[in-house]
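K.L.:
First the structure, then my questions, so here it is.
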Amino acid sequence: MFGRPAVKRIAEGFPGQRMVVLPKPVVAGVVSGKLPISLVPSEIGYFPKARWHYFERPNGADQLILILCVQGQGWCRLDRRNYVVVPCQLLVIRANQPHSYWADPAHPWSIYWCHAAGSIAAKFGQDLLGHRASPVLGIGDYPRLAALFLEMLDELEQGYGLDRLLPSSTALSHLLGLAWKFSRIQGDDGIGSMLRVRQVVEQMRQVPEKSMSVGALAAMANLSVSQFCALFKRITGFAPVDYSLHMRIQRACELLDTTDQPIKRVASEMGFSDPLYFSRIFRKVQGMSPKAYRAIAKG
């Protein structure tokens, strides 16, 4: 046996599943260049709580395979090693790579998956993993990838004409581009530096009034300050201190719009002990004073 799944094994047929398999002539038209697209999801699906899911290809597949786990967990066997796949992770299996994968018996995975065909699919497969031993990528912003899988499913469930193939090809290209970005900025530690930084960003968004040093934020992500700042700016477009100020001013705007609290009180709630400094930062971000902002009619 190539892999080590549970005794019962099924490839598909799960309650609530969605799946589309393109006709071979359509895929051949893409691969041969007869159609004006160079990338297409030849097979795509969503398997929710896929208990007993199992697939084995001793000789590999002739296309790139992508599996995004959104719930539960599963396993993949490559090069005589087993790899666990959990939520927020993307399993990447290159073309012609012998493999097997299966849902965890106790906590079966829910997955989006597709086979990518076309002239650039194989190159993406090589670039996504590079020299990594593990085929699993940590995806910090996995809802964006899930939305792209859904977009492809929605299109192809309605037909295989160019009016459906072109949007699905664009969505697949976008998905691969995002996956490539994530693969470039995460470490090989199996968790993903990007995911950890995104978790810090989310904590900052939840409590914008809480001011923390860059060193403390970097420690939360288990990164050096320089690594943390570089990844933080890639994700948000801001340095950590500037992002914190923007979040605090954004929350201050909400308080100015939805309460009648004095401006001094709003400043204090957002962690500004000096109202004049608060007003200066507010003007820098919003282009006007807090008083002028509150006076503007909105909606």
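K.L.:
Within region 214-237, which residues are in a loop (DSSP other than H, G, I, E, B) and either modelled with pLDDT under 90 or surrounded by 14 or more Cβ atoms within 10 Å (Cβ to Cβ) (or both)? Please lay out each step first, then the result.
P.N.:
Filtering region 214-237 down to residues in a loop (DSSP other than H, G, I, E, B) leaves 221-224, 237.
Matches in region 214-237: ALA221, ASN222, LEU223, GLY237.
K.L.:
Which one is farthest from MET204 (Cα to Cα), of the residues in region 255-297 that are of a type in the set (Val, Ile, Thr) and touching a Ser or Thr at 6+ places or on another chain (Cβ under 9 Å)?
P.N.:
Looking at residues that are of a type in the set (Val, Ile, Thr) and touching a Ser or Thr at 6+ places or on another chain (Cβ under 9 Å), I get ILE263.
K.L.:
Report, by residue number, each residue of region 42-57 that is charged (D, E, K, R) and in a loop (DSSP other than H, G, I, E, B).
P.N.:
Hits for region 42-57 are LYS49, ARG51.
K.L.:
List pairs: first in region 238-267 and assigned by TED's automatic domain parsing to the domain that holds ALA292, second loosely packed, with under 13 Cβ neighbours inside 10 Å and among the β-branched types (Val, Ile, Thr), Cβ under 9 Å, 6+ apart or cross-chain?
P.N.:
Note: pairs meeting the criteria are ARG265/THR259; VAL266/THR259.
K.L.:
Applying the selection to region 63-85, what residues are surrounded by fewer than 16 Cβ atoms within 10 Å (Cβ to Cβ) and touching a strand residue (DSSP E or B) at 6+ places or on another chain (Cβ under 8 Å)?
P.N.:
Of everything in region 63-85, those that are surrounded by fewer than 16 Cβ atoms within 10 Å (Cβ to Cβ) and touching a strand residue (DSSP E or B) at 6+ places or on another chain (Cβ under 8 Å) turn out to be GLN71, ASN82, VAL84.
K.L.:
Just checking, how many residues over region 126-141 are touching a helix residue (DSSP H, G or I) at 6+ places or on another chain (Cβ under 9 Å) and part of a helix (DSSP H, G or I)?
P.N.:
Number satisfying all stated conditions: 3.
K.L.:
Report yes if SER38 is crowded, with 21+ Cβ neighbours inside 10 Å and small (Gly, Ala, Ser), otherwise no.
P.N.:
So SER38 does not fit the description; no.
K.L.:
A further question follows. Among what's in region 151-168 and is touching a residue at least 24 places away in the same chain (Cβ under 8 Å) and within 18 Å of ARG18 (Cα to Cα), pick the residue that is surrounded by the fewest Cβ atoms within 10 Å (Cβ to Cβ).
P.N.:
The initial filter retains those residues of region 151-168 that are touching a residue at least 24 places away in the same chain (Cβ under 8 Å), namely 152-153, 156-157, 160, 162, 165-166, 168.
Filter again for within 18 Å of ARG18 (Cα to Cα), leaving 152-153, 156-157, 160, 165, 168.
On the way: MET152: 24, LEU153: 21, LEU156: 25, GLU157: 12, TYR160: 18, LEU165: 22, SER168: 25.
Taking the candidates together, the pick is GLU157.
K.L.:
A further question on this structure: Return the total of residues in region 275-294 being over 37 Å from the mean Cα position of the chain (by Cα) and surrounded by fewer than 12 Cβ atoms within 10 Å (Cβ to Cβ).
P.N.:
3
The values are calculated or read from the model by the stated rules, or taken from the named source; none is laboratory data. Quantities reported herein were computed from a predicted structural model and do not represent experimental measurements. For neighbour counting, all protein chains shown are included, and Cβ atoms are generated from backbone atoms with ideal geometry for every residue, glycine included.
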